Structure formats: C-alpha cells, structure tokens
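J.: Just dropping this structure here.
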Amino acid sequence: MNNQLEEKILSCNLCESLGIDFKTVRKENLNFAYCYKPDLVKILWIVESPPKADPPRYFYRPELTSYDSLFRETMKALDIEFIDSKENALKEFQRRDYFLIDSMKCPADKGNSYLKPQMRSNCRNILKEEILYLNPDKILIIKADVHTPVMDLINEIDIGYPESQMLSRVLNKNSIPFPGSGRQVRFRENIQYYLLNNSQLSD
C-alpha cells in the first residue's frame, strides 16, 4: 500500500465523533490484510466493515473462530480447504489473485446501524482511493445494503476517472447476500455463479 493512502486510513478520526474508536484494531487489520495482497488484484471483494468483536475478529486475522462466517463460507464457495488455521487458505486466496477490503474501516453492526450513512460518508474518499490504488480486474460487492452505495461510488470514480471504466468491472450488478442468518447457501451459489461466468468470459 502506498504511504499516503495508508496514512489516511490509519489517521482517520471522523467516526470518533460518533463514539467509535477503532484506531488500534484498524491498524492491526490493515497490516494483516495487506500481507496477503496479490501483486495484481484479479478480483476485489468489497464487504461492509470489520466485525465488532472482543477478542478482535476479522477475515484476515489468523485466529479461526466459530463466528468467522464470511471467511468460512467464502472458502467453501471457492473449494479452498481449511481446518484449524486460516493461513494456508488465505495464501490460496492470495494465489488466486483475490483481495478483500471493507467499504467502511470501522465496524458497523446492529448496535450502531443508524450510524451507517454517516460512516459510509466518512469512508467515501478512502474507499475511492483504495479501489483506484488496487486497480482490480473485476469487483464483487457483498451484502445488499452495501451494493448500492458502492455502485454509486464506483460510478463517481468513472465520472472523475473515465479512463478507469471501473463500473464495467463489477461482476454482480445485483447484490450478493452476506453469509449469515440462513443465507450461507445463497451466498455460496451466488459467488460460484459470478466466478464461473467471469471464467467463461475470460476464456
């Protein structure tokens, strides 16, 4: 990650006025994630936010817990094996040139869902810069209420940087459900459908 973008992510304090202090864990998450960034991102997975958990829990954190539904269901959808550790699975995710980022760098959960519009606004410029920096071949957007605001942002990127044609890189023009609350099978089916279609287009 370039130093300017990293500094923006780590120094951002806009959500502190909303009562959210996530700086320490945000730095840890960023370090964990970018250890697994491929040189060229084939598919960028964009999810809502890191989970609010104690002890901390995150897609790229090494601890595998029973609550890691996003990690577990993603690896199942990709037929990547894991048992007691995430490391080999995350390395395979990286080997396939996949990378996953959060649209919001602080946790948005049921307890503060009413703050999501302001949190999205706070993270808007950071997310825009991160997408441009990663310059993925394709993009997958996970979760229904993440899809529309991220699509709006990507459209904004294309207006400002028309040469990027970023909107055309989005694989799912419809939302993919988050793999929780009984939506795990639909999540896996959606992921497999879009990746299969992308593979056929690439052949």
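J.: Of Thr65, Thr74, which residue is under 20 Å from Asp137 (Cβ atoms) and polar (S, T, N, Q)?
T.: Thr74
J.: Here is a follow-up. Just checking, does region 183-194 include any residue being free of Cβ contacts under 8 Å to residues at least 24 places away in the same chain, basic (Lys, Arg), part of a helix (DSSP H, G or I) and within 20 Å of Glu48 (Cα to Cα)?
T.: Yes, because at least one residue in region 183-194 is free of Cβ contacts under 8 Å to residues at least 24 places away in the same chain, basic (Lys, Arg), part of a helix (DSSP H, G or I) and within 20 Å of Glu48 (Cα to Cα).
J.: Let me ask something else about it. If we keep just the residues of region 1-13 that are in contact (Cβ under 8 Å) with a residue 12 or more places away in the chain and part of a loop (DSSP other than H, G, I, E, B), which is surrounded by the fewest Cβ atoms within 10 Å (Cβ to Cβ)?
T.: Here the residue is Asn2.
J.: May I pose another question? When both residues are 6+ apart or on different chains and their Cβ atoms are under 8 Å apart, which pairs have a first residue that lies in region 73-94 and is without any contact (Cβ under 8 Å) to a residue 12 or more places away in the chain, and a second that is in a helix (DSSP H, G or I)?
T.: From residues that are without any contact (Cβ under 8 Å) to a residue 12 or more places away in the chain, the pairs are Glu81/Met75; Glu81/Asn88; Glu81/Ala89.
J.: Given the conditions (1) touching a helix residue (DSSP H, G or I) at 6+ places or on another chain (Cβ under 8 Å); (2) at pLDDT 95 or above, and given that Asp145 satisfies all but one, which numbered condition is not satisfied?
T.: Condition not satisfied by Asp145: (2).
J.: Search region 130-146 for residues that are closer than 26 Å to Tyr114 by Cβ and pair each with any residue that is polar (S, T, N, Q) when their beta-carbon atoms are under 8 Å apart and the residues are at least 6 apart or on different chains.
T.: Ile141/Asn172; Ile141/Ser175; Lys143/Ser175; Ala144/Ser175; Val146/Ser103; Val146/Ser175
J.: I'm checking my understanding of the structure. Among residues of region 38-51 that are free of Cβ contacts under 8 Å to residues at least 60 places away in the same chain and out of contact with any Lys or Arg (no Cβ under 7 Å at 6 or more places or on another chain), which one is surrounded by the fewest Cβ atoms within 10 Å (Cβ to Cβ)?
T.: Of everything passing the filter in region 38-51, Asp39 is surrounded by the fewest Cβ atoms within 10 Å (Cβ to Cβ).
The values are calculated or read from the model by the stated rules, or taken from the named source; none is laboratory data. Since we're looking at a predicted model, the values are computed, not measured. Cβ coordinates were reconstructed from backbone atoms using ideal geometry, including for glycine residues, and neighbour counts include every protein chain displayed.
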